[in-house]
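Student: To start, I am sharing the structure in question, which I have written as C-alpha cells.
The values are calculated or read from the model by the stated rules, or taken from the named source; none is laboratory data. Keep in mind that this is a model prediction, so the values were computed, not measured. Glycine also receives a Cβ, built like all others from the backbone with ideal geometry; neighbour counts cover every protein chain displayed. What goes into the accessible areas is simple: the full protein's heavy atoms, side chains included, and nothing from ligands, DNA or RNA. Shrake-Rupley method; radii C 1.70, N 1.55, O 1.52, S 1.80 Å.
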Amino acid sequence: MPTAKAQYNAPPTLAEMMQSEEPVSLKDLSKSEKLRLFLRDFYPHQSAQADEFFGHPADEFVNYLLSQAYKAIPHLDTAKRALVKQDIKAELQDLLDTLTEAQQKLRKLSTDVDRLLGVEADPLGCADKLGELIPYVLQGQQAVAQLPRRPRYDQMQHAIAVELAIDVLRAARHYGIRASATFDNIYHEYASPAVQILKAIGDDIGLVLDEYTWRDIILEAKEKYPALK
C-alpha cells in the first residue's frame, strides 16, 4: 500500500511571519547577564529602592524590554531558514544529481561487490526505487517557477529590525525614554539611549547592525508607528 507523500510547504510570507506571535520564556529573559546589566543602567530612577519581594524596579524595566525584544527571535530563525527560488532550485538539482548518480552506480556494481553485499541487498531493486523518486524531483523543478518571489534575507532582517524597534521603544516610553534617533560618531561620539538599547539587544539576539543603521531604523519605526514621535 503506497504511503502518503509529504506535500511541499512553502516558507511563510514576510507578512505572515511578522503576524505570528511566539511566547517568550523566562529562560529567554535571562539569556545574557551582560546585556541585562547594560540595560539596567538606562532605568531612569537609579536611586529607587529594591522591594523585598519584587526586587529592584530596574530589573522589572529590563524584563519588560527583553520580553518585547525577544519576540523577534523566532522571526529571525524563520528568516534564516527561508529559501529563495535560487536556493530551492539548487537543492532540487543536487537531489536529482545524487539520485541519478546513485542509481547508475547501483546498476553498475562489479560482480565482487554485488556478491559481498549479499543476496538480500537487491541493488537493482534499490535503483528502481530511486528511479521512482526522480519524476517527482523533475516535477518539483517545474513547480519552482510558480512560487511567489521571496524577499532576500537582508530584506526580512530589516523588516524584523523595524518591528523590534517599535516593540522595544514602545516599552521604553513607559519609563520616559524617548525614541531619539541621534547618533553622531564623527564629532561628538554620542548615541541616544534608544540607539544604544537597540544596538545591544540586536547584537545579543543575532540581529547585528551598526549604530547608523539602528538610527535609520528608529526613524522608519517612528514613521510606521507615529505614537513613538
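Student: Using a 1.4 Å probe, what is the accessible area per residue for the range 100-211, in Å²?
Tutor: For the range 100-211, the per-residue accessible area is 60 Å².
Student: I need the trypsin sites (Lys or Arg not before Pro) found in the range 161-227, filtered to DSSP loop residues with at most 14 other beta carbons within 10 Å of theirs.
Tutor: Arg178
Student: Could you give the size of the charge dipole of the range 76-196 about its Cα centre, using +1 on the Cβ of each K and R and -1 on the Cβ of each D and E, expressed in debye and rounded to the nearest 20?
Tutor: 520 debye
Student: In whole Hz and in residue order, list the ³J(HN,Hα) couplings for the range 65-70 that follow from phi through the Karplus curve 6.51 cos²θ - 1.76 cosθ + 1.60, θ = phi - 60°; x for Gly and Pro.
Tutor: For the range 65-70, the Karplus curve yields 4, 5, 4, 7, 5, 6 Hz.
Student: Right, here's the next one. State which entries of Lys80/Lys222; Lys80/Lys129; Lys71/Lys222 exceed 22 angstrom in Cα-Cα distance in the structure shown.
Tutor: Long pairs (Cα-Cα over 22 Å): Lys80/Lys222; Lys80/Lys129.
Student: Right, next: Which entries of Lys89/Lys224; Lys199/Lys229; Lys34/Lys85 have Cα-Cα distances beyond 30 Å here?
Tutor: Lys89/Lys224; Lys34/Lys85
Student: Another question about this same structure. Would you please put 157-168, 69-80 in order of how densely packed they are, using the mean number of other Cβ atoms within 10 angstrom per residue and starting with the highest?
Tutor: Output ranking for 157-168, 69-80: 157-168, 69-80.
Student: Tell me, rounded to the nearest percent, the portion of alpha carbon pairs in the range 107-229 spaced more than 17 Å apart.
Tutor: Percentage above 17 Å: 69.
Student: May I pose another question? Please report, in cubic angstrom per residue, the volume enclosed by the convex hull of the alpha-carbon atoms of the range 34-153.
Tutor: Spread over its residues, the Cα hull of the range 34-153 gives 226 Å³ apiece.
Student: Cα gyration tensor of the range 73-121, axes a ≥ b ≥ c as square roots of the eigenvalues: rounded (a/c below 1.5), prolate (a/b > b/c) or oblate?
Tutor: Note, shape of the range 73-121 comes out prolate.
Student: Whole number please: convex hull volume per residue of the Cα set in the range 133-183, in Å³?
Tutor: Per residue, the Cα convex hull of the range 133-183 comes to 116 Å³.
Student: Give the residue list of chymotrypsin sites (Phe, Trp or Tyr not before Pro) in the range 164-229 that are DSSP loop and have at most 12 other beta-carbon atoms within 10 angstrom.
Tutor: Qualifying residues, ordered by number: Tyr187.
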